[in-house]
Each structure stands twice: as C-alpha cells, then as structure tokens.
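Presented below is the structure to which this report refers.
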Amino acid sequence: MILNNHFFSQLPLQLAQTLLGKVLRHRYYDAQSGNSVWLSAMIIETEAYYLKDKGSHSSRGFTESRKAMFMPPGTIYMYYARGSDSLNFSAKGDGNAVLIKSGYPFLDILSPESTLLVMQRLNPSNENNRPITRLCNGQTLLCRSLGLKVSDWNQNQLVDERFYLDDVGYTPLQIIQCRRLGISPARDSHLPYRFVDTKYARLCTSNPLTKRNWLVDTDYTILTGPGTNN
C-alpha cells in the first residue's frame, strides 16, 4: 500500500518508529540492461530530529539548503554527508525531520532478485560484489544502492510513479531506542532519538546490542509493540 503525505504528519519520535518496516521504492533506469527497474529497501534504522534539538540542521536556522525541513510533512530533505547523499523526510512541526539511517534490500515481484545486481553496480566495493548485508547499512550506502541523489529529490515530494513509500504489512515486534550516532556532546548527544528494528539490529549502522559496555535500560531500551513477522 502506497503511503501518502498524511502518514508523515507525525512528530519525529513517533514517525521515526512507524517508518521502521516500511519499504522505499525507487524507479531507476538501468543503462546496462536498458530497462527501468524498481530498487527497494526496507527501513531498519532511523533517527529523529527536532527544531530545538542542537543535533538538528534546522536548529541553526532557516536557510535555502535546509528549506525542506520547514516544508509540509513528507517533503524530502537530502544533503551531502561526507560528500555522499543522505535521505530525510520532514515531519510534523517546522524544522522537524527523520533521517533514514539504514535499510535492507527488499525483494518481491516488483523488485526481483535481479535488482540486487543493479544495486551492487550502483554501490560497488573492493570485493567482486558488495554483500547484500552491506548494501544499505548506512545512510549514504542506502542512497547509493537505491540511486537516490540530492540533485534529483531535495525539497521534492514522493511521486508514485518514481519514488514512494510502501507499507508491505510488516511491523517490528521489538524496537531498540538509543542515542544517535555521530552527535557530539555539545549537540545533545544524550537524546535517545535513534530507533532500530531489533530483528535487523545486526544489519544496521552499528548494532546497539553488541556495543561494548552498553547496558540494557541504561544505554538502550527495548520497546515492545504489536508486530507481525514477515
């Protein structure tokens, strides 16, 4: 089921959790085969950002490059993270957004196994082919594997025929809530605004369950909800 912009009209903490398990689908023209294919990835890790949160880009004030964070919920906000593309969606409230931190390739009738080869060509490594487990486990790797570019999508809306968010009927049974990654102490690093689908924790950017010296209910919390295994 294609989700419209009404879905994004949630505050960041809620949206960051409800995005888990949803599937990003991007129609990409594969020059090698001469065909357009749907590249898909299930969202397994997100981070929430608020206007007054010092870790948020919008906390530094409105600029043209940050305009998408102040646009209606569901507006795509893309920027360059260490020179590579990164995907966010605006949430309810000016300056609020959710970062899509990582995903996992999703295969079905629309995106058959052959699309993995396209994703691997888009996101090469020193190996012959980047393993499926490492294709989307990071915000820039995700965008690279799906062929998403700042120049194409920043400040735009999702378009059913080209790029959309799909509810495939999966909801995580458990969600890990913890601190965000790469945030300095001066920028509210203590805020537990990162969410990971426990089922896919080993495939996310950094697994909270195996992080040295991290303790449950101190460094991370397990949230339990009504999920359905997929």
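Where a number appears in this text, it was derived from the coordinates with a stated rule and is not lab data. Model, not experiment: these values are computed from the prediction. Every residue, glycine as well, gets a Cβ built from its backbone with ideal geometry; the counts of neighbours run over all protein chains shown.
Key figures
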quantity	calculated
Computed helical MRE - 222 nm, the chain, DSSP H runs ≥ 4 contributing -39500 (n - 2.57), nearest 500	-3000 deg cm²/dmol
Calculated from backbone phi, Karplus (6.51, -1.76, 1.60) coupling profile of segment 26-34 in Hz, x at Gly/Pro	10, 7, 10, 7, 8, 4, 5, 9, x
Two-site FRET efficiency, Thr63 against Glu113, from Cβ-Cβ distance with R₀ of 45 Å, rounded to 0.05	0.60
Net charge, Phe163 excluded, C-beta distance under 14 Å - Lys, Arg +1, Asp, Glu -1	0
Members of Lys22/Lys199; Lys54/Lys199; Lys54/Lys211; Lys22/Lys67 lying beyond 19 Å, as alpha-carbon distances in this model show	Lys54/Lys199; Lys54/Lys211; Lys22/Lys67
Calculated from backbone phi, Karplus (6.51, -1.76, 1.60) coupling profile of segment 80-97 in Hz, x at Gly/Pro	9, 9, 6, x, 10, 6, 9, 10, 9, 10, 5, 10, 5, x, 3, x, 9, 7
Cβ-defined net charge surrounding Ser56, 13 Å radius [Lys, Arg +1; Asp, Glu -1]	+2
Choice from Arg60, Arg194, Arg134 with maximal GNM fluctuation in the chain (Cα, 10 Å cutoff)	Arg60
Total formal charge among the other residues, if their Cβ is under 14 angstrom from that of Leu203, Lys/Arg +1 and Asp/Glu -1	+3
Label-to-label distance, nm, for residues given as Arg134 and Thr210 (7 Å Cα→Cβ offset)	1.4 nm
Chain lengthening between Asp167 and Lys52 when straightened (0.36 nm per residue, less Cα-Cα)	38.4 nm
Proxy reagent accessibility, fewest Cβ within 10 Å first, across Ser111, Ser65, Ser56, Ser145	Ser65, Ser111, Ser56, Ser145
Gain on full stretching of the segment that runs from Leu223 to Ser36 - 0.36 nm per residue minus C-alpha separation	63.4 nm
